[in-house]
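The values are calculated or read from the model by the stated rules, or taken from the named source; none is laboratory data. A quick note: this is a predicted structure, and the numbers were derived from the prediction, not measured. Positions of Cβ are backbone-derived with ideal geometry, glycine not excepted, and every protein chain shown enters the neighbour counts.
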Amino acid sequence: MVSQHYDVALIGGGIMSATLGTLLQRLEPTWTIGIFERLSDVALESSNPWNNAGTGHSAFCELNYTPERPDGSLDITKAIDIAEQFQLTRQFWSFLVNEGVLPEPKDFINPVPHMTFVWGEDNVAFLRKRYEALKDQPLFAGMEYTEDAAVIRQWAPLLIPGRRKDQPIAATRITAGTDVDFGAQTHDLIDALVERGADLRMEQHVRSVKRRKGGGWRLNVRHEVGSTSDVVTANFVFIGAGGMAIRLLQSSGIPEIRGYGGFPISGLFLRTDDPDLVARHEAKVYGKASVGAPPMSVPHLDTRVVGGEKSLMFGPYAGFSTNFLKHGSLFDLFASLRWHNIPVMLGVAVKEFGLVKYLLGEVFASRAKQNRALLDFAPGVDPSKFHKIVAGQRVQTMKKGPDGKAVLALGTEVVAAADGSIAGLLGASPGASTALPIMLDLIRKCFPDRLPEWEPTLQRMVPSYGSKLNADPRRAETTYEATGKALELV
C-alpha cells in the first residue's frame with residue numbers, strides 16, 4: 001500500500017537536497033516535497049562541517065583547477081568556471097539572507113583568506129605562471145604573489161619558522177576568500193523548507209527506487225526505528241545520498257547509470273583547537289597534490305569556523321573502507337558491482353596506477369608519516385597538539401569516456417533519466433561549494449519544458465543567471481561587493 005505521494009522526493013538530508021528543495025519550492029510553491037534522511041539528523045554525512053574543509057571553492061587557491069598543457073602553458077578554463085559558479089552561489093545565499101531563510105550569515109560563512117603555498121624550484125615556477133595567468137581575470141581581482149619569506153610569514157605565520165632559508169618558496173593570497181559551514185546552512189535551509197510545508201522524514205532509509213507503470217516512482221522505505229517499511233510514490237526523485245547515489249540509481253534501472261562505478265575513499269584530518277596555534281593562522285592554505293593523488297587529497301592547512309569557534313585542520317589523508325557512507329555498510333562497494341561496471345573499474349585501476357599506489361601508501365601510512373606531511377607545511381608546529389578526526393566518506397566515480405574507454409571522472413556529475421523524472425548526483429569535489437550551479441544544471445536537464453516559465457524567478461534569485469561575470473569586470477566587482485555586504489563579509 002502507498003502511504004504517501006509527493007510531487008518531489010529528495011533522498012538524503014544534505015546540502016544538495018536542501019538547495020534543490022529550496023529552488024523548487026520557490027519555482028513551484030504548490031508542489032509537495034518529501035525529504036528522506038536515514039540518520040537521526042540532517043547534514044551528518046558530507047555536509048557536516050567536520051567532514052569537509054568548508055573552503056567555499058572559488059578556485060582562488062586550488063592548483064588542480066589550472067592544469068599545465070603539454071606546451072607548458074596553463075589552462076585556466078576550469079578555474080574561471082569554478083569561480084563563476086561560486087559567484088552564482090553567493091548571489092543565491094544573499095537572496096536567502098534577505099528573505100530570512102538564512103537568518104545569521106556568520107553562522108555559516110566567515111571571511112578567511114585563501115592562499116596557495118609551494119616549495120621547490122619547479123613548483124615556484126608553476127605558481128608564478130599561475131599568478132600571471134589569473135591576476136588580470138575579473139573574478140581573481142586582488143590576487144597577490146610573493147617569494148619573500150617575510151611576507152609569507154606575515155600572511156600565515158606558521159608556514160615559515162623552522163623552514164630552510166635556502167628553500168625556494170612562493171605563495172599567492174586573495175583576502176576575499178571564505179570559510180563555509182555547510183552543516184549549519186543545511187539546517188537553516190531544511191528548517192525553512194519544513195516551515196513552508198515540506199515533509200521531513202528522519203530515520204527512514206530508502207532502500208530502492210522503482211519505476212511505476214502509470215508514471216512516476218515507487219520508493220521502498222524502511223523505518224530505522226521499529227524496522228517497519230512502507231511505500232512512497234513521487235513524480236520526480238532526486239538522489240542526493242552521497243556515495244549511495246550509485247546504488248539507488250542502479251535500483252531504478254535507468255540505462256544512463258550503466259557503466260558507472262564508484263570507489264570509496266575515506267578522509268582523515270589532523271585537527272587542533274590549541275588557542276596559540278589557532279591564533280597564529282588565519283587562512284586556508286592549499287599546496288600541490290602528490291603524484292597520483294586525486295584532487296580531493298590536495299594537502300591544505302585550514303582555518304575552520306564552526307559554531308562560532310575557530311580550529312585548524314590539516315589534511316586530508318586518504319584511508320580505505322568499503323563503506324559508501326561514513327555511517328554506511330561494509331558491503332556497499334560489493335553490492336554496487338555489476339557486469340557493466342566491473343570492466344570500467346578494472347580499466348581505471350590499470351590506467352590510474354599512480355592513484356592506486358598513492359591510496360595504498362596512504363592506507364598504510366603511520367602517524368609519524370602523517371606528521372611529516374604536516375611539518376612539510378608548518379615545520380615549527382608540535383604535531384602532538386593535533387588529533388586525528390575521521391572526515392566524510394567520498395566515492396570516486398568511474399565511467400566510460402566518449403571513446404568507450406574507462407576514465408576516472410573528476411568533479412561532480414548529474415546522472416538523469418532521459419525523461420527527467422529521476423536524477424542523482426555522483427562525485428565529490430568541489431561538491432557542496434557549487435551546490436547551486438549543480439542544481440541549476442539539474443533543473444535544465446530534468447525540467448526543460450518548465451524552464452522558460454521559471455527563468456524570471458531564477459534571475460530574481462540569482463541576478464547573473466545566464467551570463468558570465470568574468471566577461472564584465474564592472475559587473476563582477478559590483479556583484480561581489482553586493483553579496484559581500486549581504487553576507488556580512490565586509
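I need the full set of residues from segment 185-196 which are within 14 Å of residue 10 (Cα to Cα) and surrounded by fewer than 16 Cβ atoms within 10 Å (Cβ to Cβ), in order please.
194
Restricting attention to strands (runs of 3 or more DSSP E) lying wholly within segment 10-119, give those where 1 or more residues are over 30 Å from residue 221 (Cβ atoms) and not aliphatic (A, V, I, L, M).
109-111, 114-119
What about residue 131, is it of a type in the set (Phe, Trp, Tyr), modelled with pLDDT of 95 or more and part of a helix (DSSP H, G or I)?
yes
Sort through 55, 146, 116 and tell me the only one that's touching a helix residue (DSSP H, G or I) at 6+ places or on another chain (Cβ under 8 Å), under 23 Å from residue 170 (Cα atoms), without any contact (Cβ under 8 Å) to a residue 60 or more places away in the chain and β-branched (Val, Ile, Thr). If you could, list the steps in order and put the result at the bottom.
Numbers: 55 fails: without any contact (Cβ under 8 Å) to a residue 60 or more places away in the chain; 116 fails: without any contact (Cβ under 8 Å) to a residue 60 or more places away in the chain.
Only one candidate qualifies: 146.
Does residue 377 count as touching a residue at least 12 places away in the same chain (Cβ under 8 Å), surrounded by fewer than 22 Cβ atoms within 10 Å (Cβ to Cβ) and either more than 24 Å from the chain's Cα centre (by Cα) or closer than 30 Å to residue 274 by Cα (or both)?
Yes: the conditions hold for residue 377.
Quick one: which of 388, 369 is assigned to a strand (DSSP E or B) and closer than 30 Å to residue 167 by Cβ?
Step by step, each of 388, 369 is checked, and only 388 is assigned to a strand (DSSP E or B) and closer than 30 Å to residue 167 by Cβ.
What tally of residues in segment 109-128 results from selecting those that are aliphatic (A, V, I, L, M), under 25 Å from the mean Cα position of the chain (by Cα) and either modelled with pLDDT under 95 or under 16 Å from residue 285 (Cα atoms) (or both)?
Here is the first cut: in segment 109-128, the residues aliphatic (A, V, I, L, M) are 109, 112, 115, 118, 124-125, 127.
Okay, now just the ones that are also under 25 Å from the mean Cα position of the chain (by Cα), so 109, 112, 115, 118, 127.
From the residues that got through so far, the ones that are either modelled with pLDDT under 95 or under 16 Å from residue 285 (Cα atoms) (or both) too are 112, 115, 118, 127.
The total comes to 4.
Can you work out which of the residues in segment 14-42 that are touching a residue at least 40 places away in the same chain (Cβ under 8 Å) and β-branched (Val, Ile, Thr) is nearest to residue 228 (Cα to Cα)?
This residue is 35.
Considering (1) buried (at least 20 other Cβ atoms within 10 Å of the Cβ); (2) assigned to a strand (DSSP E or B); (3) among the aliphatic types (A, V, I, L, M), say which one residue 268 fails and leave the rest.
(1)
Quick check: is even one residue across segment 69-80 of a type outside the set (D, E, K, R), under 30 Å from residue 166 (Cβ atoms), touching a strand residue (DSSP E or B) at 6+ places or on another chain (Cβ under 7 Å) and without any contact (Cβ under 8 Å) to a residue 60 or more places away in the chain?
yes
Which members of segment 210-241 meet the condition of being more than 25 Å from the chain's Cα centre (by Cα), part of a strand (DSSP E or B) and within 21 Å of residue 439 (Cα to Cα)?
Listed by number, the residues that qualify are 217, 234, 235.
Run residue 470 past the list (1) part of a helix (DSSP H, G or I); (2) surrounded by fewer than 15 Cβ atoms within 10 Å (Cβ to Cβ); (3) in contact with a Pro (Cβ under 8 Å, 6 or more places away or on another chain) and report the number of the one that doesn't hold.
The number of the failed condition is (2).
Taking the options 466, 420, name whichever one is of a type outside the set (Lys, Arg) and in contact with a Cys (Cβ under 7 Å, 6 or more places away or on another chain).
That would be 420, the only listed residue that is of a type outside the set (Lys, Arg) and in contact with a Cys (Cβ under 7 Å, 6 or more places away or on another chain).
Could you tell me which residue of segment 350-366 is farthest from the chain's Cα centre (by Cα), considering only residues that are not hydrophobic (A, V, I, L, M, F, W, C) and not in a helix (DSSP H, G or I)?
The extreme case among them is 366.
Starting from segment 208-227, keep only residues that are β-branched (Val, Ile, Thr), then list their pairs with residues that are part of a loop (DSSP other than H, G, I, E, B) whose Cβ atoms are within a distance under 7 Å, requiring at least 6 positions of separation or different chains.
225/203
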